[in-house]
Amino acid sequence: MRYLSIFFLAMILSLSSVVQTSFAATEDTSGDGVVALVQQAEQAAPSYEGITVEQPTKASSAFGTFWRGIKENVTLAFTFDPNKKAETAMKFADERLLIAQKDLESTDEKAKGRAQQNMERANTLMKKVQTSQEEALKNPNKDTERLLKNRAAQAEKQQQMFDEIETKAGTENIDKVLDVRAQITEQTQRLDTAINNDKIPEDVRAHLKDVKARIEEHATEIKDRVEQFQLLKEAVRNGDTSAQVKLEELKTQRFEEVKKEIDTHQGEIQKFQDKMTELKASAEKGDKKAVEMMKQIQDLPNLKNQME
């Protein structure tokens, strides 16, 4: 079962990555159609085009964090194309969030303390992404279109990463994580300049609009929780003894909310797996619509190789 899950997850990633560059060109000729499957894939396991995010193997160290910061700054300083600079900052921001996860998994208390530092650095990098994106939109080209598709994917990916970070932080520090999450989510919402830019293809703008609407739902919930935490912490500082109990209850409530989000996401992946299994079985039985959909999917080179 484990290998079957890995197989289908690879299919999701391949499907999402390959179709992003021709999203509007795929026709819905069979029921829900390939387009619907692509949309499912993008939400369940969003992937990048042309960006490779390195997976950390261990928690951060003090020197490693310092040296990484220098390398990030030098790389960005000598990257002059705004599209490339934005994508490079995206990569660095994601890597910082993944490192924060590793920090929180560590038994080293100093490493756990650096998790907050890495999350705050990710927030700083996301501001650089936004600045470079706005510069790129002044004179957009094909690279800008790819950047925007990658930003849409990142908006989905980072919500999933923060769900994992919040659960690893536990109830003790979940409010601190949530505060940084709120700031980064605010950055990911800033897509209006792209959505309203008529030099960007309509299908790309429509996709950004859909993603922005989904992220805004998360943003509202996160903002409400941050405000609740702030009010309760202020009450505790002012000597309200009942506020401390309410604060702990709110932390537990948020922890359960995030676990539910993770379960929902895993359910989305399972639904996609089940749909692909059903589609393949129908095609093998000769169902014409299923055969046509499988043909369209197999025309995507990377996915075809996975299926074979």
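The values are calculated or read from the model by the stated rules, or taken from the named source; none is laboratory data. Since the model is a prediction, treat every value here as computed from it, not as a measurement. Reconstructed Cβ throughout: ideal geometry from the backbone, glycine too, with neighbour counts over all protein chains shown. Note: areas computed on protein heavy atoms with side chains; ligands, DNA, RNA excluded. Shrake-Rupley method; radii C 1.70, N 1.55, O 1.52, S 1.80 Å.
Yes/no per residue for (1) over 21 Å from Glu186 (Cβ atoms); (2) among the acidic types (Asp, Glu); (3) over 18 Å from the mean Cα position of the chain (by Cα):
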site: Ile70; (1), (2), (3): yes, no, yes
site: Lys85; (1), (2), (3): no, no, yes
site: Leu97; (1), (2), (3): no, no, no
site: Asp103; (1), (2), (3): yes, yes, yes
site: Asp108; (1), (2), (3): yes, yes, yes
site: Asn118; (1), (2), (3): no, no, no
site: Lys128; (1), (2), (3): no, no, no
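Scanning the range 145-168 for residues that are surrounded by 24 or more Cβ atoms within 10 Å (Cβ to Cβ) and over 13 Å from the mean Cα position of the chain (by Cα) yields Leu147, Leu148, Glu166.
Here Asn123 fulfils each of the conditions (1) farther than 30 Å from Asp192 by Cα; (2) open to solvent by less than 20 Å² (accessible area, probe 1.4 Å) apart from (1).
For a quick check of your reading of the model, give me the residue pairs whose first member lies in the range 120-142 and is at pLDDT 95 or above, whose second is outside any loop (DSSP other than H, G, I, E, B) and of a type in the set (Lys, Arg), with beta-carbon atoms closer than 8 Å and at least 6 apart or on different chains. Listed pairs, sorted by first residue: Arg121/Arg96; Ala122/Arg96; Leu125/Arg96; Lys128/Lys85; Val129/Arg151; Ser132/Lys85; Gln133/Arg151. Of all the residues in the range 174-217, those that are free of Cβ contacts under 8 Å to residues at least 12 places away in the same chain and either part of a loop (DSSP other than H, G, I, E, B) or surrounded by 16 or more Cβ atoms within 10 Å (Cβ to Cβ) (or both) number 3. Listed conditions (1) open to solvent by 40 Å² or more (accessible area, probe 1.4 Å); (2) modelled with pLDDT of 85 or more are all met by Arg225, apart from (1).
Scanning the range 50-98 for residues that are of a type in the set (S, T, N, Q), open to solvent by 60 Å² or more (accessible area, probe 1.4 Å) and assigned to a loop (DSSP other than H, G, I, E, B) gives Thr52, Gln55, Thr57.
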